[in-house]
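Student: Dropping the structure in here first, questions after.
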Amino acid sequence: MGRLQRPASMVFSLAIALALSGCFGPPAASPGASSSSPSPATTQSPSPTAAPTPPATAPPSSTTPSPTPTSPAPSTTAAPSSTGLPEQLAPLTIYYVAVGDNGASGPMIGCGDSLVATHTAPVRFTDQVGPSIRTLLDNKSRSVGMSGLVNVLSQSTLAYVGGSFDGTTITIYLTGQFMLAGECDIPRAKAQLEFTAMTAAGATRAAVFVNGRPIDEVLSLK
């Protein structure tokens, strides 16, 4: 019986397979897993920073200082004034001098002069003496408007500080200095003060003190 013949192509393919198996060894083993897997890096949490300690302060004193007592200011009124009078609204009467009038316009005074009453606009007051004397002393003009009258007290530095009335005599107290223009101004100044005070109080006579001294004593030195 004849031998079976294999096709040439099959023989050739087998030869190639054998040749390749002789050139390459068995497949290399896969690298094994590492015996110790690297531990993941541990990040240390930062320690909390301690808050700064505030400086120690002394506790407030429990004792409250007592306020220093203050004494009431003393009264600056040198003499008592009229009190308990109702408020009024009326003009004030102020006296000025008509020089050389020889008593034609009012009481004759000084060197042949006249004392003349003038009136202000209505003002409110309880004691008319103080406002009247202050109005006279506050007038710093020697000529009284266009009347031709003269105020001989215009340059003086007098101030009214108080007064008293006994039903007959009005007494007023002044401080400051007389500044008069001449000898004839002495009786004029005295008359202006006395008549203004008497009319305001409804008195029949007046006593004037300047810095605690009677007006006649003060003016005798002029």
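Student: Please go through region 126-169 and pick out each residue that is more than 22 Å from F209 (Cβ to Cβ) and of a type outside the set (A, V, I, L, M). Before you say what the answer is, go through the steps one by one.
Tutor: So in region 126-169, the residues more than 22 Å from F209 (Cβ to Cβ) come out as 126, 140-150.
T126, K140, S141, R142, S143, G145, S147, G148 - these are the residues of region 126-169 that are more than 22 Å from F209 (Cβ to Cβ) and of a type outside the set (A, V, I, L, M).
Student: Can you list residue pairs whose Cβ atoms sit under 8 Å apart, with the first residue in region 93-104 being crowded, with 23+ Cβ neighbours inside 10 Å and the second being basic (K, R)? Count only pairs 6 or more apart in sequence or on different chains.
Tutor: Pairs found: V97/R188.
Student: List pairs: first residue in region 137-153 and small (G, A, S), second residue open to solvent by 70 Å² or more (accessible area, probe 1.4 Å) anywhere in the structure, Cβ distance under 9 angstrom, at least six positions apart or on different chains.
Tutor: Listed by first residue and then by second, the contacts come to G148/V99.
Student: Could I ask something else about it? Would you check if I170 is farther than 15 Å from L115 by Cα, open to solvent by less than 50 Å² (accessible area, probe 1.4 Å) and modelled with pLDDT of 95 or more?
Tutor: Numbers: farther than 15 Å from L115 by Cα: yes; open to solvent by less than 50 Å² (accessible area, probe 1.4 Å): yes; modelled with pLDDT of 95 or more: yes.
So I170 passes the test.
The values are calculated or read from the model by the stated rules, or taken from the named source; none is laboratory data. All values derive from a computational prediction rather than experimental measurement. Glycine gets a Cβ as well: all are built from the backbone with ideal geometry, and neighbour counts include every protein chain shown. What goes into the accessible areas is simple: the full protein's heavy atoms, side chains included, and nothing from ligands, DNA or RNA. Shrake-Rupley method; radii C 1.70, N 1.55, O 1.52, S 1.80 Å.
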